[in-house]
Amino acid sequence: MKPSGHIDKVMHRIGGEEVLKHRLRLKTTIMVVKQLALQGSSFRGHDESDDSLNPGKVLAWIGFAAKLNDQINSVVLRNAPGNAKYTSPSIQKEILGIIANRVRCKICEEIGDSCFSILVDEAVDEAEREQMSIILRYVSSSGIVTERFFALKSVADTSAETLKQAICDVLSQYDLQIEKLRGQGYDGASNMSGQFNGVKALFLRDCPYAYFVHCFAHRLQLALVTSAKVCDPIWDFFSILDCIINVVKASPKRIRELQAIHKKDLDGMLDAGEIQYGQGANQMTSLKRSGPTRWGSHYHSILSIINMFNATCVVLEDLCHSKEGEQRAQARGASKNIKTFEFVFNLHLMKGIMDIMDFLCQAFQQESVDIVAAVGFVSMAKVKLQKLRDEGWDKLLQEVKSFCSKHAIKVPNMNATLGRGEKQTTLEHRYHFEYFNQCIDFQLGTLNSRFNESSVRLLQLSGALDPKSSFRSFDEENIYRLAEEFYPRDFEGNEMNCLQNELGYYADHVVHSQEYDVSSLAKLLEKLVETGMEARYRLICRLIRLVLTLPVSTATTERSFSAMKHVKTDLRNKMGDEFLADCLTIFFEREYVIGMDEDSIIDEFAKLKDRRVQLTL
């Protein structure tokens, strides 16, 4: 008879082998689910039976892994016990929940005791459910400005009270204190940024230092829309431009014809040496439709029509001979408008203006841009617009004439007189002052009204920290007032006196050093952390971190909604809210997920609830 101790060892060894089999089976499912989530792919199939030819991606990938590895093959799918296959939808959701929760905990760990800001926006998903995206903006320990997707919350309505409570629930769930909130970034909707009853106002009652910043990208959008509506030449031009593009892109046949003609034009210009060969250059494209809510897309419409002008004209001419009366009428109107000097003039004028506006648009899309740099970008754009107004007329007129000559468009006599008596003027005067100057003046006026930061003292004082142009704006008194007036909770006791002393040494050491002559406040902080100077100037660096925490735009929330459309499609429109939020977290913040250890996920999975089989020894 075997001693009982020997039997226990044998049973333990057998039990250990079973545990390893269960862990390998679950690990395979975890790796497959994780990879599918990283790609935003679906998981389940319509028919997941053993005989199905299309069982869904999870089962298909597990089967593929089994074919490549005999050890995996021996424990998965048909070789797995019926009560521990680890392939059911509920198991998949548990795995996703663990991974997504780890991502959020990692973000909270990066924030630590630091202050943070929230960026919030709402959108409707594929199932017509209102979803609220919450982004956290903070400065990491290495001094890098960071914006992270944190949560997607379904809300019953979009009232300020409901949205505020939903945000608070998410923050409290992960022990992120409202007292640490130092900034709010929303669009201009009244329920978000309302002065008295918006989400902004409700948070300011709880935390008076959670300063609100109206999304710069949204303000730019409003400025462009306003100038277009008020200035008749701009509105008329974009109406004609949209009509031309819609006529040409009304059918795949017209698009193919457009591309064929454009390819022929490109080949001719390459042979003549007018354009150069190059990787990524001269690619086949098409006319770009402008979006109703993104005026930056109008810039791409303008560029595409200039690039494909000849091909567009040829397509419209062919359509003028169409057998269908409606098509023929639309094409004749579009062909007549596109071949006028007025259209070509406005086309190049708006390109010049939109060149400047697109720079602003792209700058506001960067998550690392800080509020001081954003205000500087706006000022730079105003200067460029003013320079275009003062010095750009002759160059523009020459470009327009050259373009018209190339495409056989008649150029009118610019010295021709218009009107009578005292109102008599020339055609050039009309285009110069009623078109060129007026359009730019309207654009400058809307920028000044939408980005009037001179009355916002917080931004005025923050500019004193700006290192641009060798710390030209540096002002010790304004920096001290910034901390005293806007961040008294972050500088308590004797720290204000210490800050004043620090500023003196900082002015001698950092401000007058070529080593710290950088282009933005964000890069300055990175440099101070990199050189170990944060420990010496800890209070100044704390103040810089607070300013960098202020949000600039809600571009990251817009990106999260783009990702949501990729994850929750019309074929996956029944995804639950929690399932969607977990999938989106993994898809959006993939850098946290790629290196995540599967064995630790298995250990956490085993602790979630009592399991039918043992997963740990």
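Residues that are in a helix (DSSP H, G or I) and aromatic (F, W, Y) were ranked within region 194-251; the one that is modelled with the highest pLDDT is F203.
Among the residues making up region 461-488, those that are within 18 Å of A522 (Cα to Cα), part of a helix (DSSP H, G or I), touching a helix residue (DSSP H, G or I) at 6+ places or on another chain (Cβ under 7 Å) and of a type outside the set (A, V, I, L, M, F, W, C) are S462, G463, K468. Among the conditions (1) modelled with pLDDT of 90 or more; (2) farther than 26 Å from Q614 by Cβ; (3) not in a helix (DSSP H, G or I), the only one that L36 does not satisfy is (3).
The residue list A522, A535 contains one member that is within 32 Å of the chain's Cα centre (by Cα) and modelled with pLDDT under 95, which is A522. For I118, the conditions (1) open to solvent by 10 Å² or more (accessible area, probe 1.4 Å); (2) in contact (Cβ under 8 Å) with a residue 24 or more places away in the chain are fulfilled apart from (1).
Taking into account only those residues within region 546-560 that are hydroxyl-bearing (S, T, Y) and part of a loop (DSSP other than H, G, I, E, B), which is farthest from the chain's Cα centre (by Cα)?
From region 546-560, those hydroxyl-bearing (S, T, Y) are 549, 553-554, 556-557, 560; that's our starting set.
Next, from what is left, pick out any that are part of a loop (DSSP other than H, G, I, E, B): 553-554.
Working: S553: 9, T554: 7 Å.
Ranking the qualifying residues of region 546-560, first place goes to S553.
Out of all the residues in region 91-126, which are among the β-branched types (V, I, T) and assigned to a helix (DSSP H, G or I)? Outline the logic, then answer.
Here is the first cut: in region 91-126, the ones among the β-branched types (V, I, T) are 91, 95, 98-99, 103, 107, 111, 118, 120, 124.
Answer for region 91-126, where residues must be among the β-branched types (V, I, T) and assigned to a helix (DSSP H, G or I): I91, I95, I98, I99, V103, I107, I111.
Counting the residues of region 127-159 that are open to solvent by 40 Å² or more (accessible area, probe 1.4 Å) and part of a strand (DSSP E or B) gives 2.
With the condition kept exactly as written, say whether any residue in region 429-440 is in a loop (DSSP other than H, G, I, E, B) and either open to solvent by less than 30 Å² (accessible area, probe 1.4 Å) or of a type in the set (D, E, K, R) (or both).
Start the filter on region 429-440 by keeping residues that are in a loop (DSSP other than H, G, I, E, B), which leaves none.
No, there is no match, as no residue in region 429-440 is in a loop (DSSP other than H, G, I, E, B) and either open to solvent by less than 30 Å² (accessible area, probe 1.4 Å) or of a type in the set (D, E, K, R) (or both).
Has region 231-241 got any residue that is touching a residue at least 12 places away in the same chain (Cβ under 8 Å) and under 15 Å from A311 (Cβ atoms)? The answer is no; no qualifying residue exists. Among the residues of region 133-160, those identified as among the charged types (D, E, K, R) and either under 18 Å from V593 (Cα atoms) or more than 18 Å from the chain's Cα centre (by Cα) (or both) are E147, R148, K153, D157. Among the residues making up region 605-617, those that are in a helix (DSSP H, G or I) and surrounded by fewer than 16 Cβ atoms within 10 Å (Cβ to Cβ) are K607, L608.
Tell me the helices (runs of 4 or more DSSP H) entirely within region 303-410 that contain at least 1 residues that are farther than 22 Å from R430 by Cβ and of a type in the set (A, V, I, L, M, F, W, C). It would help to see each step written out before you state the result.
On the way: elements: 309-319, 325-338, 341-365, 371-391, 393-406.
Helices (runs of 4 or more DSSP H) meeting the threshold: 309-319, 325-338, 341-365, 371-391.
Scanning region 338-351 for residues that are open to solvent by 20 Å² or more (accessible area, probe 1.4 Å) and in contact with a Lys or Arg (Cβ under 9 Å, 6 or more places away or on another chain) gives K339, T340. Within region 109-132, the only residue that satisfies the criterion of being among the hydroxyl-bearing types (S, T, Y) and touching a helix residue (DSSP H, G or I) at 6+ places or on another chain (Cβ under 6 Å) is S117. Tell me which residues, restricted to region 172-189, are outside any loop (DSSP other than H, G, I, E, B), aliphatic (A, V, I, L, M) and at pLDDT below 95. If the condition is that a residue be outside any loop (DSSP other than H, G, I, E, B), aliphatic (A, V, I, L, M) and at pLDDT below 95, then I178 is the only one that fits.
Taking region 500-524, which residues are among the polar types (S, T, N, Q), in contact (Cβ under 8 Å) with a residue 12 or more places away in the chain and either touching a Cys at 6+ places or on another chain (Cβ under 9 Å) or under 15 Å from I540 (Cα atoms) (or both)?
If we filter region 500-524 for residues that are among the polar types (S, T, N, Q), which is where we start, we get 500-501, 513-514, 519-520.
Filter once more, keeping what is in contact (Cβ under 8 Å) with a residue 12 or more places away in the chain: 500, 519-520.
Q500, the sole residue that qualifies.
For region 535-545, a residue qualifies if it is in a loop (DSSP other than H, G, I, E, B) and surrounded by fewer than 19 Cβ atoms within 10 Å (Cβ to Cβ), and the qualifying residues are A535, R536. Of all residue pairs spaced 6 or more apart or on separate chains, those with beta-carbon atoms under 8 Å, a first member in region 163-176 that is farther than 13 Å from C105 by Cα and a second member that is charged (D, E, K, R) are L163/E122; A166/K153; I167/K153; D169/K153.
For D508, the conditions (1) part of a helix (DSSP H, G or I); (2) out of contact with any Leu (no Cβ under 8 Å at 6 or more places or on another chain); (3) closer than 19 Å to I99 by Cα are fulfilled apart from (3).
The values are calculated or read from the model by the stated rules, or taken from the named source; none is laboratory data. Worth saying up front: this structure is predicted, and the values here are computed from it rather than measured. Cβ atoms come from the backbone with ideal geometry, glycine included; neighbour counts cover every protein chain shown. When the accessible area is computed, the model is the full protein with side chains, heavy atoms only, and any ligands, DNA or RNA have been set aside. Shrake-Rupley method; radii C 1.70, N 1.55, O 1.52, S 1.80 Å.
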